[in-house]
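Below is one structure, written out as structure tokens; the observations come after it.
Please treat every number below as a calculation from the coordinates, not as lab data. What you are looking at is a predicted structure, and each value in this text was computed from that prediction instead of being measured. Backbone-built Cβ (ideal geometry, glycine too); neighbour counts: all protein chains shown.
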Amino acid sequence: MGAIEIDGSVLEGGGQILRTALALSAILGKPIRVFNIRARRNNPGLQQQHLTGVLAAARITNAQVIGAVKGSTELTFKPGRIGCGGFRFDIGTAGSVTLVIQTILPILVFAPCESTVTITGGTDVPWSPPIDYVRFVMLPMLGLFGVKADVRLVRRGHYPRGGGEVVLTVRPSELRAIDAVEFGNLVEIRGLSHAVRLPAHVARRQADSARDALVKAGMAIPIEISLETYEQGKDPHLGPGSGIVLWVRSDRGYIKGADALGERGKPAEVVGEEAANKLLENLRSGMAFDEHMGDMVIPYMALAEGKSIVGVSKITLHTLTNIYVIEQILGVRFSVDGTEGGPGVIKVV
């Protein structure tokens with residue numbers, strides 16, 4: 001059987017093409033060849049977090065892999081049967097654990113038994129969803145499709161030192177189609193502001209700033225932002241680092257989120273306000289899914305039994321890229337009502 005060929009430089013041209021292609025290859029049991037991997041990036045080819053995703057998918061599916069080395073711009077992946085049970089994967093850097101989760105979660109949904117996966121690396125790092133977004137937004141929303149998974153945060157890892165650890169538990173399930181276009185009425189706003197190897201006031205200032213921005217914008221519903229801080233000498237993290245994730249729930253049970261990361265020289269007040277402004281922007285569209293879930297949800301729409309339809313706050317290049325890759329591999333077709341950068345409705349046709 002010839003491998004399905006995927007050009008890794010099309011559209012957004014990033015690691016997401018590889019993650020989606022790996023997951024679908026594993027689920028279908030069909031070999032793939034991905035070329036021009038991250039070809040237009042400053043550091044082209046597989047980086048450590050992409051490589052960990054490849055090796056994780058290979059281990060879970062007992063796959064044969066050619067080209068799984070750092071910097072490689074071409075990869076051939078021939079999956080075997082999907083396995084299950086206990087796994088441990090170490091990125092070895094501050095590479096994103098949540099992007100590894102994005103790769104293996106769809107595969108483990110189709111596994112024959114429950115799996116527990118320990119992943120070490122970066123939990124709160126630039127250019128990837130923070131672990132709290134995965135815990136409080138992504139997994140609950142994927143639960144609408146029947147995904148049975150949860151993540152336990154053992155320890156946070158920030159750039160550049162990493163050292164974070166999470167445990168992902170996935171139970172096999174049959175995916176069902178959903179109809180989730182409009183968000184509905186706001187019921188509550190929640191959040192989690194953390195600071196590790198930093199004074200506790202950093203987390204508090206992030207939370208206060210986010211709350212102030214939301215109230216100023218006219219949010220008259222309950223706002224509850226928890227703080228996660230550590231006493232000196234009792235902090236298990238390599239750190240330092242901080243961040244905040246906010247999420248809103250509607251009367252229809254839908255959840256949307258937004259986040260911001262602290263960095264050296266960036267005041268805590270700016271971090272909190274940034275997250276609040278992102279959340280407010282996502283709410284204005286009135287759609288059920290925020291812009292980040294908009295691309296993460298595409299594989300599940302394609303794999304679910306029946307025809308799903310979802311409303312997304314913003315059609316991003318990531319979303320369009322995921323649609324392109326999935327159409328190439330699965331042969332399903334999507335329709336997108338809306339233009340890039342604006343809200344839209346996506347359905348499987």
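For an R0 of 22 angstrom, estimate the FRET efficiency from the Cβ-Cβ distance between Arg152 and Trp127 and round to the nearest 0.05.
On the way: r = 24 Å, r/R0 = 1.08.
Efficiency at R0 = 22 Å is approximately 0.40.
Can you find, among Pro267, Asn282, Ser250, the residue sitting farthest towards the positive end of the charge dipole of the range 249-290, where Lys and Arg contribute +1 and Asp and Glu -1 at Cβ?
Selected residue: Ser250.
Taking only DSSP H segments of four or more residues, each worth -39500 (n - 2.57), what value at 222 nm results for the chain once the sum is divided by all its residues, to the nearest 500 deg cm²/dmol? Provide the component values of the computation, followed by the final result.
Working: 9 runs with 105 residues, N = 349.
Only helices count here, giving -9500 deg cm²/dmol.
Need the full-extension length gain, Asp212 to Glu182, defined as separation in residues times 0.36 nm minus the C-alpha distance. One decimal, nm. Walk me through the intermediate numbers first.
Working: separation 30, 0.36 × 30 = 10.80 nm, distance 2.66 nm.
This chain segment gains 8.1 nm when fully extended.
Among DSSP beta bridges lying fully in the chain, give the percent that are antiparallel, nearest 5.
70
Using a basic spin-label model with each label point 7 Å from the Cα along Cα→Cβ, how many nm lie between Val336 and Arg284?
Rounded to a tenth, the inter-label distance reads 2.1 nm.
To the nearest 20 Debye, how big is the dipole of the range 186-284 about its Cα centre, given +1 on the beta carbon of each Lys and Arg and -1 on that of each Asp and Glu? Provide the component values of the computation, followed by the final result.
On the way: 14 positive and 14 negative charges, 25 e Å.
Using only the charged Cβ atoms, the result is roughly 120 debye.
Hey, quick one: spin label on Val270, modelled 7 Å out along Cα-Cβ, who in the range 183-201 has an amide N within reach, i.e. under 19 Å?
194-196, 198-199, 201
What translational diffusion coefficient, in µm²/s and rounded to a whole number, does the Stokes-Einstein relation yield for the range 186-284 at 10 °C and a viscosity of 1.306 mPa s, taking the hydrodynamic radius as the Kirkwood radius over Cα pairs?
Working: Rh = 13.5 Å.
Estimated diffusion coefficient is 117 µm²/s.
Just going by the charge dipole of the range 135-189, with Lys and Arg at +1 and Asp and Glu at -1 on Cβ, which of Val154, Met141, Ala180 is farthest out on the positive end?
My answer, from the dipole projection, is Val154.
Grab the eigenvalues of the alpha-carbon gyration tensor for the range 247-319, scale each by 5, take roots, and send me the semi-axes largest first in whole angstrom.
Equivalent-ellipsoid dimensions as semi-axes: 28, 14, 10 Å.
According to a simple spin-label model (label point 7 Å from Cα along Cα-to-Cβ), what is the distance in nm between Gln64 and Arg161?
Using points 7 Å along Cα→Cβ, the separation is 4.4 nm.
Taking just the alpha-carbon atoms of the range 4-44, what radius of gyration and Dmax come out, in angstrom?
For the range 4-44, the Cα radius of gyration and maximum Cα-Cα distance read 10.2, 33 Å.
If you stretched the chain out fully between Glu263 and Asn43, how much longer would it get, using 0.36 nm times the residue separation minus the C-alpha to C-alpha distance? Don't skip to the end; give the middle numbers.
Details: separation 220, 0.36 × 220 = 79.20 nm, distance 2.21 nm.
Roughly 77.0 nm would be gained on extension.
Suppose each label sits 7 Å from its Cα in the direction of the beta carbon; what would the Leu28-Thr76 distance come out to in nanometres?
Taking the simple label geometry, Leu28 and Thr76 are separated by 1.8 nm.
Mind putting a number on the dipole of the range 235-339 about its Cα centre? Charges go on the C-beta only, +1 for Lys and Arg and -1 for Asp and Glu, and I need it in Debye to the nearest 20.
So the magnitude is around 240 debye.
Of the lysine pairs in the chain, how many meet both conditions: Cα atoms under 29 Å apart, and a spacing of 8 or more in sequence or different chains?
Value for the chain: 29.
Can you tell me the FRET efficiency between Ala3 and Thr116 if r is taken as the Cβ-Cβ distance and R0 is 45 Å, rounded to the nearest 0.05? Don't jump to the answer; show the numbers that get you there.
Numbers: r = 31 Å, r/R0 = 0.69.
Approximately 0.90, to the nearest 0.05.
Counting Lys and Arg as +1 and Asp and Glu as -1, each charge on the Cβ, what is the dipole of the chain about the Cα centre in debye, to the nearest 20?
760
Across bins of 20 angstrom width beginning at 0, how are the C-alpha pair distances of the chain distributed, in whole percent?
Reading the bins upward from 0: 31, 60, 9.
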